[in-house]
Structures are given as C-alpha cells and as structure tokens.
Amino acid sequence: MPTPVIETVELSKTYEGAVGGVPVLSGVDLTIEYGEVVALRGPSGSGKSTLLNILGCLDRPSRGRYVLGGSDVSGLTREEQAWVRLHYIGFVFQSFHLLSHATALENVSLPLHYAGVPRSKAEQTARELLSRVGLNHRGSHFPAQLSGGERQRVAIARALMSRPPVLLADEPTGALDTRTGTEIMRLLLELHRERGTSIILVTHDPSVAEYADRQIFLRDGKVVSTPEASLGARS
Amino acid sequence: MALGPETWRLALKLVVRQPGRSALTMLGLAIGVGAFIAMVSFGEGARRSVVAQFEVLGTNLIKVQTSTPGVNPKMRPPMHLSDSDVAMLVREGTTFAHVLPVARKNAGVAYGGEQRPSFINGVAPGYFAIHAWDVAAGGIFDQSDVNERAKVCVIGKTPARELFGDRDPLGQTVTLAGVLPCRVIGVLSEKGFSTNGNDIDDIVLLPYTTYNTHLTDRIAYAYVEIEPLNKDLLDAARAEITDILHRAHGLDTGDPNDFSVSSPLEVIRAADRTARILGTLLAAIAAVSLLVGGIGIMNIQLVSVAERTEEIGVRAAIGAAPSQILAQFLIEALILTIIGTIVGVTLGIVVASVVASNMGWPRVISPSGVLLSAGFGIAVGVLFGYLPARRAALLDPIHALRRQ
C-alpha cells in the first residue's frame, strides 16, 4: 500500500484557558491518500477549523502525530512550517484573501516569489495558470475589478503555483452564488484530475460535499461515522 | 532569498503607494539628519570664526601686566612695570625674541581745530609686525626714532577718517593730549572691530620713548609684550618672566606675583573649548531630534503593520516565512530611512550654507560629519524599523486570517 499524503494519529488540540484546558480536538485519526478528494463536515464548534489549521501547518497539535507526505510535521518551528506550507499546501479561502493592491498576476506569482524564483519565470508560470483557470486576459486587473467567481479563480491559481500535493479549501463556494459555486467546484475537480492534487474541502453545504470521494464528519473534536451522528443533536 | 531584488521592488512599490504617509514618515528623520548636519556645521563654523578673531591678536605673545590692586590683601601697593623692569627682562632673558613695552592712555587727538579722543599707544617698532598691522599709506617709525624720541606717529583708519576726511594725513601734524605735536608718517590699514565690539582702528601709535617723555609724569607701562624665540619656548619664557620680575620687584620665592602673565593662546584655547562644548551641545540636541525622527518611523510602521494584518496573514498562509515578512517590513523601513536621510543631508547642507553665509562664518561641511549623520540616520531607521517588522513576523496567521 502506498504512503498516504496525510496521516494523523491520536491528534489532539487543547487551548489553555483561565479555567484549565479546553479540548478542541481529541484523538483524531485520519488517513488521506494521494489524489483523494475529501469533504470535512461538522457543525460550528466541532473543531473543523482547528483541524484545518493543523493540517495546513498554521497550528500545531497539543498531542499526537501529523505525518505529511511521509514526514512528521507535528513539532516544526514557525520557519519550517512556512516552508512546508509553501511547498506542500495550497489554501483557498471563503473570502478569497487576495492582496488588494496587487494585480491578479502579482497575486498568483506570490508563492514563487517566496520560493526564490526569479520574477520573469514566476510570472510566466502564473500566466499559464491564470489562463488555465480561464482568466488569461485578467492578469493586470486588481481584485476589486474582478467578480467573486473570478477572484476565487485567481485564488485557486495562486494556491496551485508551487504544485502542492494538498489543497485545503475552506468553504470555497461560501461567498458565491450557486451557479458560480458550481463552476468553481467543477474547476477544482478538473484541476484535481489534471494534477493529482488531493483536496480537503471544508463545507457546510451537503451539495458541495457531494463532489468529494469521501466525507469525514467531526463532532465535539472527534471523527464520527455518519452525518446523523454529527448533525443529530444540533441541527 | 529573503532579500532578493523582488523584495526591494515590492517594498518600494508599497512606499510609493502611499506617498503622503511615506513623506510624513520620513519627515521626522529628514529633519533630524538635517538638523544634525546643520548643527555640527554651525558649531564648527562658530568655533573657527571665534578662533580666527582671537588669532588676530597673535598667538605667540605673552602679555605681562600689573595685577589689579586689592585682589590679594597681602599684596603691596600695585607695582607698575617700569623701564628698569623692561631693561632687566631684555638683559637677563634668554628665551625672548622681542620685549615690547606698551604705554597707553585714552586722550585727545587734535588737528586743525578738530579734536576727538583716541587710544594713544607708546610702542616699539616691533609692535607693528607682532600685531600684523600693515600701513595703508606712508611707513612706520624705527629704532632710531625711538632712540631720538622723535615726535612722529602712525594713525589708525578711524582718526585718519574723522580728522582728515578726504585730505592726506601724511606729513601733517596732530596734537596728542593737547601737549605733544606729532608728524603723521603712516596710516594703518583697516582691521575692523574686535570680538567685544571695540573699534580696533581707533588708535594712534608713537615711539614709547616719546610717549614717556611727553605724555606721562611717571614711566608705567600698561603691559609688556614678550615674544618667545619660538612657539615651543612659550612655557619656558613664562617661567623666566616670572623669575626675573620676582627679583626685579624684590619678592621672595613664596610671595604671590604682583603682576600677571597671560597669552592669547590661552584665551584662544579657552574660546576653542567653549565653542567645542557648544558644538557638542548642539549636536546632542540634534541627535535627540534624530531619535524622535526614528520614533516617528516606528510609530507609522506599527500602524502600518496593524492595518495590514490580513495581508500579513495571507502572505504567511501562502508560505512566507517569518524571516521573509521581517525582511519585507525592515526593507520598507530602510527605503523610507534612506530617502529620508538623503532629503535630510540636502536640507542640512542648504541650511548650514545659508546660515554660514548670513553669519559670516566659514562654511564648514565636513564629509565625515555628513557621513556620520547619514550613518546615524540609517542606523536609527533600521533600529526603529525592526520592532514593527518583528511584530509583523510574529503575527499568528490564524488570528490574522480570522474571518470578520
């Protein structure tokens, strides 16, 4: 059996508060194979965001192991975490998070800038990706001059710049109308097929979750087996 | 990697994006650097100007005067410097090139019914060279005039102008103190005013022997000027003067002097010291304004970091390392600092030049001073740019990206 791209063992996260620790994740075991599309679902407060932050190397687990691409990344320094994010992980956010004062092309080029790639080469790659997401004539536009769907396409292009094996999409259609949302989901799946990128999709929307090969439900910081167990009491 | 040309390009773009704020940020530093350069220049210019004015007096001269009575109650009534004192100094001194007695009084100078007061000085011919007096017209008296007690005089520009107007004073006879008719044999070239505002040119010089014979009842020199053989013998000459006059006045070894020995060099040194302290003080004040400029950069950069929290979070999520974010903000501060410093250097040089030319000081802008203040300015900018940059680098990307 091949190595999974993501494997967590007994992953726990506790936030230290005034009245002792508040457990947010307790003993999450997760395995995601290369090229899988997984939907991560659960009510608010279930620990989805915390899990996503840990998987995205923006946060560290309190206990347990997180193995990314065969290496344990649980205890990295901030500097090392940044390197892992740059090379292994692409982020797509609900609110796009583009730099407003940079053009679409500059936004997409950014990861390669931090990877130390010369500007001309970075912009060439960015142009190819922009063209792939259907924005070949929008490179010199600023985010404010683009529609929501176009902004999310720019964000997707930016997330894929350093050819990461994992794409973390946090409610990628949350700020879009249904039709545009569907377009974005189709684009993500196309890119997933072309590039073999694994996608972890955090969403509330069951119709969006349908695009995934597999769904993982979280409740009270634990992985549960069925959507009913996850949603039951709260919805 | 973190400091590549791309980082510089991006930082420069950011600086240009908000020209008003950038200008405001660097203004404080520019003023600080400018003030530093200007103040150092003022201090040095004023110092040189003061020293130059004192050097007119002759740096190598020792002045021997009778002490003011009453300063020391044990002292006997004031001794005047007499002809025998001068003779003893001439006879016994081994380190003196010249011993020049000066007798002086403020008295009337009259010509053709016109009379005005002036400083009348009985001096030796060596006086002219030592005080750098040149004649504008005619000549000076010599040793034979001294020996013959000749009734001749050399007058300064002021009495020449006031008494003679457009007429030629040479060969005319003026009456000194109402009793002594003297033939004018020379007119001095102009020197202007002294540091304490006296008209140096309001002067009449005649042989001291003539002065002693006709203008005073008792020979009592105002002071005796002594020039050592060379500059290195200044201290030896002073010791010798003290020793000779002690014996001439019949004082015991332990007795206090009833005369004082001083040299313009001391005055110049004192003035130089004062001016240096003043210059240091000015530089210190300017350094404070430079520091305030640095704090200005820090404040605006801190605001900038707070405003750009989301941007920093996005960059971090994309994979910017804390060190790269630090570098970005540090380079931004550095660019602002460099521009501010260049503006400040220009400002400082312009202000220093304008003030120097208005005050009649030499325009002193030393490259080392400019380099020092520029280096100081950049150091301040980087130092104060570091704190905001560090805050940006330590920002938690999760918090920075948290949805509103």
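May I ask you to give the percent of accessible area on chain A that is carbon plus sulfur, with a probe radius of 1.4 Å? Provide the component values of the computation, followed by the final result.
Working: 5140 of 10210 Å².
Heavy-atom surface of chain A belonging to carbon and sulfur, 1.4 Å probe: 50 percent.
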(request) Could you tally the net charge around A:Phe142, taking each other residue with its Cβ under 15 Å from the Cβ of A:Phe142, Lys/Arg +1 and Asp/Glu -1? (result) +3
(message) At 7 Å along Cα-to-Cβ for each site, give me the label-to-label distance between B:Leu170 and B:Leu302 in nm.
(response) 7.7
(request) Take the Cα atoms of chain B, find their three principal axes, and give me the spread along each one in whole Å, biggest first. (result) 107, 58, 34
(message) Ignoring solvent entirely, what values of log10 I(q)/I(0) come out of the Debye formula for region B:103-154 at 0.22 Å⁻¹ when each Cα is a single scatterer?
(response) -1.02
(request) Amide H neighbours of A:Ala115 under 5 Å, at least 5 residues apart or on other chains, H built in the peptide plane: list them. (result) none
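From the convex hull of the Cα coordinates of the protein assembly as shown, what is the mean projected area in square nanometres?
With the hull built on Cα positions only, its mean projection is 48.1 nm².
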(request) Could you tally the net charge around B:Cys153, taking each other residue with its Cβ under 12 Å from the Cβ of B:Cys153, Lys/Arg +1 and Asp/Glu -1? (result) +1
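What full-extension length gain, to one decimal in nm, is calculated for B:Ile342 and B:Val90 as 0.36 nm per residue of separation minus the Cα-Cα distance? Walk me through the intermediate numbers first.
Details: separation 252, 0.36 × 252 = 90.72 nm, distance 6.19 nm.
Between B:Ile342 and B:Val90, full extension yields an extra 84.5 nm.
Kindly rank A:24-30, B:245-251 from highest to lowest mean number of other beta carbons found within 10 Å of each residue. Show your work: numbers first, answer last.
On the way: A:24-30: 18.7, B:245-251: 16.3.
Going from most to least packed, we get A:24-30, B:245-251.
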(request) For every other residue with a beta carbon closer than 12 angstrom to the beta carbon of A:Asp59, add +1 if it is Lys or Arg and -1 if Asp or Glu, then tell me the sum. (result) +3
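Could you tell me what % of all Cα pairs in region B:62-262 have separations over 19 Å? Present the calculation step by step, with values, prior to reporting the outcome.
Working: 12509 of 20100 pairs.
In whole percent, the share of Cα-Cα pairs in region B:62-262 beyond 19 Å is 62.
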(request) Extending each Cα 7 Å along its Cβ direction at A:Val19 and A:Arg119, get the distance between those two points in nm, one decimal. (result) 5.5
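Assuming R0 = 41 Å, what is the FRET efficiency of A:Ser100 and A:Ser71, from their Cβ-Cβ distance, to the nearest 0.05?
On the way: r = 35 Å, r/R0 = 0.86.
It comes to 0.70.
If you roll a 1.4 Å probe over the heavy atoms of the protein chains, what accessible area per residue do you get for region B:62-262, in Å²?
Details: 9690 Å² over 201 residues.
Per residue, region B:62-262 has 48 Å² of solvent-accessible surface.
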(message) Per q in 0.07, 0.15, 0.18 Å⁻¹, report the Debye log10 I(q)/I(0) for chain A, using one uniform scatterer on each alpha carbon and no solvent.
(response) -0.23, -1.03, -1.38
(message) Suppose only helical runs count, i.e. DSSP H with n ≥ 4. What mean residue ellipticity at 222 nm does that imply for chain A under -39500 (n - 2.57) per run, divided by all residues and rounded to the nearest 500 deg cm²/dmol?
(response) -10500 deg cm²/dmol
(message) Connecting C-alpha atoms closer than 10 Å in a GNM of chain B, tell me which of B:Gln115, B:Gln18, B:Gln301 has the biggest fluctuation.
(response) B:Gln18
(message) Just checking the output field for A:74-84: average partner chain Cβ neighbours within 10 Å of each residue's Cβ?
(response) 3
(request) Treating cross-link reach as a plain straight distance, find the aspartates and glutamates whose alpha-carbon is under 15 Å from the alpha-carbon of B:Lys151, omitting any fewer than eight places away in the same chain. (result) B:Asp142
(message) Highest mean first, how do B:236-244, B:338-346 rank when packing is the count of other Cβ atoms within 10 Å averaged over residues?
(response) B:338-346, B:236-244
(message) Are there any trypsin sites (Lys or Arg not before Pro) in region B:328-404 that are in a DSSP loop and have at most 11 other Cβ atoms within 10 Å? List them by number.
(response) B:Arg403
(request) Could you run the numbers on buried accessible area between A and B, total for both chains, 1.4 angstrom probe, in Å² to the nearest 100? (result) 2500
(request) Enumerate the aspartates and glutamates that B:Lys105 could reach by cross-link, defined here as Cα to Cα under 14 Å, with residues fewer than 8 away along the same chain left out. (result) B:Asp202, B:Asp217
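Looking at chain B, do any whole DSSP H helices span at least 15 angstrom along their long axis by alpha carbon and average 1.6 or above on Kyte-Doolittle, and which?
Values: long enough: B:5-17 (18 Å, 0.15); B:19-55 (51 Å, 0.79); B:234-248 (21 Å, 0.03); B:264-307 (64 Å, 1.22); B:322-359 (53 Å, 1.74); B:367-394 (40 Å, 1.20).
Those that clear 15 Å and a mean of 1.6 are B:322-359.
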(request) At a Cα cut-off below 17 Å, give the lysines reachable from B:Lys231, other chains included and same-chain residues fewer than 8 away excluded. (result) B:Lys63
(request) Just the number, please: Stokes-Einstein D of region A:172-225 in µm²/s, Kirkwood Rh from C-alpha pairs, 10 °C, 1.306 mPa s. (result) 129
(request) Would you mind getting me the FRET efficiency between B:Asp217 and B:Leu372? Use the beta-carbon distance for r and R0 = 56 Å, nearest 0.05. (result) 0.35
(request) For B:Val292 and B:Thr274, compute 0.36 nm times the residue count separating them, minus their Cα-Cα distance, and round to one decimal in nm. (result) 3.7 nm
(message) Could you check the spin-label model distance between B:Ala23 and A:His204? Points 7 Å from the Cα along Cα→Cβ, value in nm.
(response) 4.7
(message) Test of understanding: extend the Cα→C-beta vector of A:Asn136 to 7 Å, then name every residue of region A:166-201 with backbone N under 18 Å from that spot.
(response) A:191
(request) Could you name every residue in region A:19-60 that has 50 Å² or more less accessible surface in the full protein assembly than in its own chain alone (probe 1.4 Å, ligands and nucleic acids excluded)? (result) A:Leu58
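Explain nothing, just the number: relative contact order of region A:1-122, from Cα pairs under 8 Å at least 6 residues apart, as a whole percent. Don't jump to the answer; show the numbers that get you there.
On the way: 144 pairs, mean separation 28.4, N = 122.
Across region A:1-122, relative contact order equals 23 percent.
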(request) Could you calculate the FRET efficiency of A:Asp29 with B:Thr309 from 1/(1 + (r/R0)^6), where r is the beta carbon distance between them and R0 is 35 Å, rounded to 0.05? (result) 0.50
(request) Quick one: which residues, 5 or more positions from B:Ser260 or on another chain, have an amide H under 5 Å from its amide H? H modelled 1.01 Å from N in the peptide plane, none for Pro or chain starts. (result) B:Gln65, B:Thr66, B:Ser67
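The values are calculated or read from the model by the stated rules, or taken from the named source; none is laboratory data. Predicted, not measured: the structure shown is a model, and the values here were computed from it. Cβ coordinates were reconstructed from backbone atoms using ideal geometry, including for glycine residues, and neighbour counts include every protein chain displayed. These accessible areas exclude ligands, DNA and RNA; they are computed on the full protein's heavy atoms, side chains included. Shrake-Rupley method; radii C 1.70, N 1.55, O 1.52, S 1.80 Å.
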